[in-house]
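Here the structure is laid out as structure tokens; the discussion comes afterwards.
Please treat every number below as a calculation from the coordinates, not as lab data. Just so we're clear, the structure is a prediction, and the values are computed from it rather than from any experiment. Glycine also receives a Cβ, built like all others from the backbone with ideal geometry; neighbour counts cover every protein chain displayed.
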Amino acid sequence: MTEVLFTVFVFTLSVFLGFELISKVPPILHTPLMSGSNAISGITIIGALVVAGEASTPFTTLLGTLAVILATLNVVGGFLVTDRMLKMFKRR
Amino acid sequence: MESLIQVAYLFASIAFIIAIKLLNSPSTARLGNLIGALGMLGGIVATLFYKSIIRYEWILIGLVLGSLVGAWLALKVKMTAMPQMVALLNGFGGAASALVASAEAAKELLTNTLSFLSAFSLTTIGLSIVIGSVTFTGSLIAFAKLQELISGRPFLLPAHHYQSLLLFLLSLGATAYFSLTKGEIAGMYVLSIASFLLGFWITLPIGGADMPVIVAFLNSLSGLAAAATGFVLNNYLLIIAGTLVGASGLILTQIMSRAMNRSLWNVLFGAVGAEVSSGGSGDRTVRSTTAEDVALMLSYAKEVVIVPGYGMAVAQAQHAVKKLVDALSEKGVETRFAIHPVAGRMPGHMNVLLAEADIPYEKLYEMERINPDFPQVDVALVIGANDVVNPAARKDQNSPLYGMPILDVDKAKTVVVLKRSMNPGFAGVENELFYQPNTYMLFGDARKSLESLTQALKEV
């Protein structure tokens, strides 16, 4: 039960932190914010890695490997495309 | 080792927080993104040391394949196609989260331990699959619409929203059933199928101009899917990172809906743009003009404000805009850009396109900042924007646009509109602006018009 409580605890604080952080991002950066935060949501990859590498059935390994592919795509594609965009924002 | 991995996760969480924090200014944003990427790398490397991981061949295949395709996509994609790129990546993230939760459930099922899980764990598995699947299929449709693989017009089946509601209730009901019956597998099948369909059902009725809202909403869902998976795995890093993204998407969704004076509810269930009203404006005439006349007008102006819209993106005209800005600057004419929050197909879309064309970001002004200045503007040059400059939003209580905050272009001394034809904008509403006595229409492809305009300007 305490474990559940801890996760809810962390979740609740993260909600507030998220709203604080994001409300300071200026509109001109909203597209990179989306692609960059999208890359961060690819963090689900760490769950995928464990599933793909565990001793288990071929079925779960298949699910895990698929998840690793998709999450990696999300992470690599997201960070790279964000960098490509942010590189273009110039002062003068 | 376990605790070292947790320490690495702590650092990754901090890296993500700093990454978003540094996005508060264009000058630090790139560094922030790099820090975020390093945090992710640290998290991945640390995870590889988990003792339950005993083989690496499938991991390696997944990492290499994902990296290659991801990098290829990221380096190839055109800036105008950024909305569909983000939609697609959202979808992949959501699918990955759903797959991880499914695999967790499958593992427990195969070892007959599913019934030992707490109701809370079972609920989180169900929710993770539901949110992840909705994100996945919803994003696929958003991608297909933005890429114009299917029509951008709303697509509605008979009693469509009741069907969506049914799928929604089925997804949640099956999740509850799955949890209350201690892992009855039928619940899992129903929730998977219902949520998979729900993603399609929610996005099919969304029209092109409402895409900024739905892309932001799916962005939020992809984060929440990761957070839900974090609950399944009891992993704080997943919860923190996923929740940050969930909050980010939610704020953007809110900003976008507000910029259209609509609620998320109305965007999801309003199906605006399903029918185009013919517009009863009868035979009023517009003043059509030539590039030469506009060039003359511009060369005598002190300040020109350019208002870009989705039409600029469609015509890939951002570089032509830059050339015009340079030509104007040679003549001593100041230029600024007025950016409406929902111009384009995703939040911030116009800013990225103009940045790509090397236009310094100090020239880009948000709606609230530039609106008070319009009465002093000599020429407002509208390039492929329509509904976001329609004065009916301010004046006409019967207009579907009424109440939507708009750029007050109509208050400028002279207005020049670059437009392909007289077709109404996405909302299917006639634009009063085009009939104003101080408005001139320059018909044609935006890029070609801009090129001839720049040419004519040099000859003035």
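Once both axes come from the Cα atoms, what is the angle between helix B:2-22 and the longest principal axis of chain B, in degrees from 0 to 90, rounded to 10? Approximately 10 degrees, to the nearest ten.
Fewest neighbouring Cβ atoms within 10 Å first, the residues A:ARG91, B:ARG336 line up as A:ARG91, B:ARG336. Where does the charge balance sit around B:MET441 when Lys and Arg score +1, Asp and Glu -1, over other residues with C-beta under 10 Å from its C-beta? With Lys, Arg at +1 and Asp, Glu at -1, the net is +2.
Per residue, the average separation of C-alpha pairs within less than 8 Å and at least 6 apart gives chain A a relative contact order of 29 percent. Along chain B, the exposed loop sites are GluC sites (Glu not before Pro) outside DSSP states H, G, I, E and B with at most 12 other Cβ atoms within 10 Å, and the longest stretch free of them is B:276-460. With a 10 Å cut-off around each Cβ of B:251-262, the average count of Cβ atoms from other chains is 2.
Extension gain, B:PHE200-B:LEU41: 0.36 nm per intervening residue step, less the Cα-Cα distance, totals 53.9 nm. Computed from phi, the 3J(HN,Hα) profile of segment B:83-96 under the Karplus parametrisation 6.51, -1.76, 1.60 (θ = phi - 60°) reads x, 5, 4, 5, 4, 4, 5, 3, x, 4, x, x, 4, 4 Hz, with x in place of Gly and Pro. When B:SER102, B:SER452, B:SER3 are sorted by how many other C-beta atoms sit within 10 angstrom of their C-beta, beginning with the fewest, the order is B:SER3, B:SER452, B:SER102. Residues whose amide H comes within less than 5 Å of that of B:MET441, counting only those at least five positions distant or on another chain, are B:ARG287, B:SER288, B:THR289, B:VAL417 (H built at 1.01 Å from N in the peptide plane).
Computed from the Cβ-Cβ distance with R0 of 45 Å, the FRET efficiency linking B:GLU362 to B:VAL7 stands at 0.60. Label separation (A:VAL15 vs B:PHE49): 3.4 nm, computed from points 7 Å beyond Cα along the C-beta direction.
3J(HN,Hα) along segment B:170-179, derived from phi through the Karplus expression 6.51 cos²θ - 1.76 cosθ + 1.60 where θ = phi - 60°, amounts to 4, 4, 6, x, 5, 5, 4, 4, 4, 6 Hz, with x in place of Gly and Pro. Between the helical axis of B:119-146 and the longest alpha-carbon principal axis of chain B there is an angle of about 30 degrees. For segment B:136-246, what does the alpha-carbon gyration tensor say about shape, rounded, prolate or oblate, given a ≥ b ≥ c as the root eigenvalues, a/c under 1.5 as rounded, and a/b over b/c as prolate? Oblate is the answer for segment B:136-246, as a/c is 1.5 or above yet b/c matches or exceeds a/b.
Computed from phi, the 3J(HN,Hα) profile of segment B:297-309 under the Karplus parametrisation 6.51, -1.76, 1.60 (θ = phi - 60°) reads 4, 5, 5, 8, 7, 8, 9, 10, 10, 9, 10, x, x Hz, with x in place of Gly and Pro. If you sort the three axes of the alpha carbon gyration tensor as a ≥ b ≥ c, you get a/c of 1.5 or more for the protein assembly as shown and a/b above b/c, which makes it prolate. For the residues of B:44-57, the average number of beta carbons from a partner chain within 10 Å of their own beta carbon is 4.
Taking the helices alone, chain B has a mean residue ellipticity at 222 nm of -19500 deg cm²/dmol, built from -39,500 (n - 2.57) per DSSP H run of at least 4 residues and averaged over all its residues. The residues neighbouring B:GLN318, those whose beta-carbon lies less than 12 Å from its own, together hold a net charge of +2 under the Lys/Arg +1, Asp/Glu -1 convention. Can you work out the FRET efficiency for the pair A:VAL8 and A:THR57, with r the C-beta to C-beta distance and R0 = 35 Å, to the nearest 0.05? Computed FRET efficiency for A:VAL8 and A:THR57: 0.65.
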